[in-house]
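Notes follow the structure.
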Amino acid sequence: MRYAFAGLALLSVALGATALAAQGPSRDERPIRSWSEEQRDKAEHALYQDHDCRAALRQVNAAYDRGTRSRAPMDPRIALVKARAHDCLGQLPAAVAAYGLHDALSGTPTEEDAGLAGACRALTGPEGLPADPAAREALRVRLAEEATGVRRVLRRAAWEAGTSPTGESFAYSSQQRLMSGSGPDGTTMSRNQIAALWPRYISAWQNVPAHTAQGYRTSNRTRYLAASDDMERHLAELDATLICLEVVR
């Protein structure tokens, strides 16, 4: 009788194991997903299931920031959901840049990326991009030169604010830079760049309200940050249009 009970016990264990196997691997046996994958999946769910573009962008930006600091190649799905979230919110320069990153990571030919083409058409507006090859090349050269000028202005502004582009403080004569018109990279800005871009930066600096919403006097650092943000948005538009010139024909 003892052996009969033992046989029944073994049979029960075997049937239980078969049932568990049919349910798939246990939680402990499943591959461990990274934090970035978790954030990516949350972003995809927010975008595709909940249709909440802001939540999707918030989640995917966390995964994107982690990916940019990692030595491993970024997951193309992170770039794609970031592109679509920006596109959904009408943030076209950022959408174009993210679409371009996704194509580079995934090996997708940019001319076959319908999302990138759509974002480019929305970015360039009803007038679109010139069809004539010579006119397109002239526009490309002008935009590239202006983008270079904007980068120089941003570097110069960082030095004028008393910090390096990395945020480190240092002592230097800002009056010397203002008088010479030289950029912090050791080059001399052209008269056209100074005439068109540096005054724009100063105007944005001056247009910041003198007091915050809480009634405190606006700091010099806040003015520089606001003016730099304005110039960085302009740079993003220039870079995105340059990408679109290579995509939309």
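The values are calculated or read from the model by the stated rules, or taken from the named source; none is laboratory data. What you are looking at is a predicted structure, and each value in this text was computed from that prediction instead of being measured. As a convention, Cβ positions derive from the backbone with ideal geometry for all residues, glycine included, and neighbour counts pool all protein chains shown.
Here's the yes/no breakdown for (1) among the aromatic types (F, W, Y); (2) in contact with a Gly (Cβ under 7 Å, 6 or more places away or on another chain); (3) in the same structural domain as G107 (by TED's automatic domain parsing); (4) modelled with pLDDT of 55 or more:
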{"position": "L11", "(1), (2), (3), (4)": "no, no, no, no"}
{"position": "A19", "(1), (2), (3), (4)": "no, no, no, no"}
{"position": "D41", "(1), (2), (3), (4)": "no, no, yes, yes"}
{"position": "Y48", "(1), (2), (3), (4)": "yes, no, yes, yes"}
{"position": "A55", "(1), (2), (3), (4)": "no, no, yes, yes"}
{"position": "R66", "(1), (2), (3), (4)": "no, no, yes, yes"}
{"position": "P73", "(1), (2), (3), (4)": "no, no, yes, yes"}
{"position": "A85", "(1), (2), (3), (4)": "no, no, yes, yes"}
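Based on what the data block shows, is E146 in a helix (DSSP H, G or I), more than 30 Å from A204 (Cβ to Cβ) and assigned by TED's automatic domain parsing to the domain that holds A204? Answer is no for this residue. Applying the set (1) among the aliphatic types (A, V, I, L, M); (2) assigned to a helix (DSSP H, G or I); (3) in contact (Cβ under 8 Å) with a residue 24 or more places away in the chain to A98 leaves exactly one unmet item: (3).
Among the residues here, L129 qualifies as buried (at least 17 other Cβ atoms within 10 Å of the Cβ), assigned to a loop (DSSP other than H, G, I, E, B) and at pLDDT 85 or above.
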